[in-house]
Amino acid sequence: MGKAFSKPKALSDTMTHYCPGCTHGIVHRLIAEVIDELGIQGRTVGIAPVGCAVLAYNYFNCDFQEAAHGRAPAMATGIKRVRPDLIVFTYQGDGDLASIGMGEIIHAANRGEKFTTIFINNAIYGMTGGQMAPTTMPGQRASTAPMGRNTDLTGMPIRMANLLSQLVTSSYITRQAVLKPQQVNKTKKAIKKAFEYQIEGKCFSFVEVISTCPTNWGLTPLDALKWAEETMVPYYELGDFKTPE
Amino acid sequence: MAKVLMKGNEAIAEAAIRAGCINYFAYPITPQSEVAEYMVKRLPEEGGVFLQGESEVAVGYMIFGAAAAGARVMTTSSSPGISLMGEAISYIAAANCPAVFVNIMRGGPGLGGILPSQADYLQATKGGGHGDYHILVMAPDGVQEAVEMTMQAFTLAEKYRGPVMVLGDGLIGQMMEPVEFPENLATKASNKDDWATNGMDTRKSKKRNLVKSLFLDPTELNNNNLALKAKYAQMKQEEIRFEIYNADGDYKVLITSFGTMSRVCRTAIDLLKEEGIEVAMLRPKTVFPFPEQAVYDAATKESCKAVISIEMNMGQMVEDVERCVKGQRPVEFYGECGGDIPSPEKIIKIIKALI
């Protein structure tokens, strides 16, 4: 009998720096499995964000660029325009994509740039130590919202998948989660579909993934999964928001 | 090749194409939007990439992404736009990627004005963005030199694997002059396999490439910055370019000036010569690296009693001139900004007052 389970080729042997219970590791693995299955490792270029996943380039085994905060979609645009044959993906968190990088993601999506964005939404800034993000839930405590997010002063959490799906340009926009095994399987299917649309040169593809941050939420990994399921998922509705014509 | 009459901005665009750059990203800003308007027509003929980005911030990173993927790439902008690109320029310098930036300067600070200015000298030569870096900066004095420097910029960017800037001003961008495009300045292909993120399949080694500027380990960061410093030292050895004008005689005054302003100074020097007054000029063509020794040598010639830096700003290059003259001669300054270029008559009056 052959090996039943092994590490994808597109993942490196490096030990990650992610906290116990963090879901980045799951999403990294899903992306790597998809890269392997599609046989695109040798022509894939990833773009790491600023935030916890800035060191993602240490964990993937393919060409990688590291962007400034929020600018990954502009870099991906640059690569994809000069080298349409390459497979390009950005991996971005919510502070990176939904706050400082809002302009870059909207315009890249609206131009229909043929790259893939994996958007990790864990409702907080992780790397800088738990500050409020545009995706932080109402009343959720953060180091810059010690009494909980006050929506009178800071507005409601931004639903990126909903927002991007309003653009008229054709695209694949979906929101998934990695809080339960069946969600993980669905997320992998969505990531694969996103890369396939890119390979076909069809459209911009965007996979938002509801994730956890036990450390900055001040919860155990299991409680974090439960909190995300009960608090985030009802607001951040899962499913496909848009598929290309 | 025969000379053609061209507007500076259009000549810069054509020069880039002739040098072998067919990838251009930009955001409109006066007084250089004609570069984009020219490129959008010419690049499809060359099978190249034209993209108008949503902001100068984004354009900076389109340039970074494309350059890091191994493409030869350029953007053009003007002062406020270059400020916004400053973030990307810092990252590109840190990550060792070749890219060409053209700044057709307008007045500042703030929104300033749209008339010619040299107010971004310090920004261009001392870094401009955050962190410890420089970029190689060339300052043309007219359309022909803008063409040549733009063409050379790509070779230099690839030689040093870093950003190179052509620092013009609104006058150079807007005026028409006869130009020719030297055929020997086309950029030769360089091997980027060791570093470009253009897909592991493209390399024999199959080793993955990584373009980054984050070095959390203090020793690694220090080493990266030492490597950058070594590049700047090499530039000082190999790339310093300047013009020295009317320096054969016993001049009493040395003018330092660059770009458009130096053309007016040249006229003033010629007129003073007719009156029997000898004045020389040292014009840096590379403002980084700066012609340090040449400025010192010209300033300390026995006949020379004073140095004056004449610029279209409130006193910027004069700081470098003072640094290089090392207190051996008095260093004066005259500058105007706002868009009015000082006339030869005004310069003559100022020089006479110095003698």
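The values are calculated or read from the model by the stated rules, or taken from the named source; none is laboratory data. In this text, all values refer to a predicted model and were calculated from it rather than measured experimentally. Please note: Cβ atoms are built from the backbone with ideal geometry, for glycine as well, and neighbour counts cover all protein chains shown.
Points worth noting:
- The strands (runs of 3 or more DSSP E) found entirely in region B:1-109 that carry 1 or more residues being in contact (Cβ under 8 Å) with a residue 60 or more places away in the chain and within 11 Å of chain A (Cβ to nearest Cβ) are B:99-105.
- Hits in region B:164-203 (condition: buried (at least 16 other Cβ atoms within 10 Å of the Cβ) and within 14 Å of chain A (Cβ to nearest Cβ)): B:Lys192, B:Trp195, B:Ala196, B:Thr197, B:Asn198, B:Gly199, B:Met200, B:Thr202, B:Arg203
- Test for A:Phe206: is it farther than 19 Å from A:Cys52 by Cβ, within 14 Å of the chain's Cα centre (by Cα) and in a helix (DSSP H, G or I): no
- Against the test of being closer than 30 Å to B:Ala71 by Cβ, aromatic (Phe, Trp, Tyr) and surrounded by 14 or more Cβ atoms within 10 Å (Cβ to Cβ), the options B:Tyr245, B:Tyr232 yield a single qualifying residue, B:Tyr232.
- Failed condition for B:His130, given (1) out of contact with any strand residue (DSSP E or B) (no Cβ under 9 Å at 6 or more places or on another chain); (2) crowded, with 24+ Cβ neighbours inside 10 Å; (3) of a type outside the set (D, E, K, R): (2)
- In region A:56-103, the residues that are within 15 Å of the chain's Cα centre (by Cα), at the interface with another protein chain (Cβ under 7 Å from one of its Cβ atoms) and either over 24 Å from A:Ser12 (Cα atoms) or without any contact (Cβ under 8 Å) to a residue 12 or more places away in the chain (or both): A:Tyr57, A:Arg71
- Considering residues of region B:316-327 that are crowded, with 17+ Cβ neighbours inside 10 Å and closer than 23 Å to B:Ile341 by Cβ only, the residue nearest to the chain's Cα centre (by Cα): B:Met317
Quick grid of which residues meet (1) part of a strand (DSSP E or B); (2) more than 29 Å from A:Pro134 (Cα to Cα); (3) of a type in the set (Val, Ile, Thr); (4) modelled with pLDDT under 95:
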| residue | (1), (2), (3), (4) |
| --- | --- |
| A:Tyr18 | no, no, no, no |
| A:Glu37 | no, yes, no, no |
| A:Val45 | yes, no, yes, no |
| A:Ala53 | no, no, no, no |
| A:His69 | no, no, no, no |
| A:Thr77 | no, no, yes, no |
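- Among the residues of this structure, A:Thr135 does not count as one that is among the polar types (S, T, N, Q), over 19 Å from A:Ala32 (Cα atoms) and out of contact with any Pro (no Cβ under 9 Å at 6 or more places or on another chain).
- Within region A:110-130, the residues that satisfy the criterion of being buried (at least 24 other Cβ atoms within 10 Å of the Cβ) and either among the basic types (Lys, Arg) or within 19 Å of A:Gly46 (Cα to Cα) (or both) are A:Glu113, A:Phe115, A:Thr116, A:Thr117, A:Ile118, A:Phe119, A:Ile120, A:Asn121.
- Among residues of region A:107-138, those that are in contact with a helix residue (DSSP H, G or I) (Cβ under 9 Å, 6 or more places away or on another chain) and assigned to a loop (DSSP other than H, G, I, E, B), counted: 20
- Scanning region B:147-183 for residues that are more than 28 Å from B:Thr125 (Cβ to Cβ) and not in a strand (DSSP E or B) yields B:Glu180, B:Glu183.
- Exactly one residue among B:Lys204, B:Lys126 is among the charged types (D, E, K, R), more than 25 Å from B:Lys231 (Cβ to Cβ) and out of contact with any Lys or Arg (no Cβ under 8 Å at 6 or more places or on another chain), and that residue is B:Lys204.
- Test: residue in region A:90-102 that is more than 19 Å from A:Met160 (Cβ to Cβ), surrounded by 22 or more Cβ atoms within 10 Å (Cβ to Cβ) and not β-branched (Val, Ile, Thr): no
- Qualifying residues in region B:184-203 (those that are not in a loop (DSSP other than H, G, I, E, B) and not hydroxyl-bearing (Ser, Thr, Tyr)) - the one farthest from the chain's Cα centre (by Cα): B:Asp201
- Test result for A:Ile40, out of contact with any Ser or Thr (no Cβ under 7 Å at 6 or more places or on another chain) and away from chain B (no Cβ under 11 Å): no
- In region A:1-50, the residues that are exposed (fewer than 15 other Cβ atoms within 10 Å of the Cβ) and of a type in the set (S, T, N, Q): A:Ser6, A:Thr14
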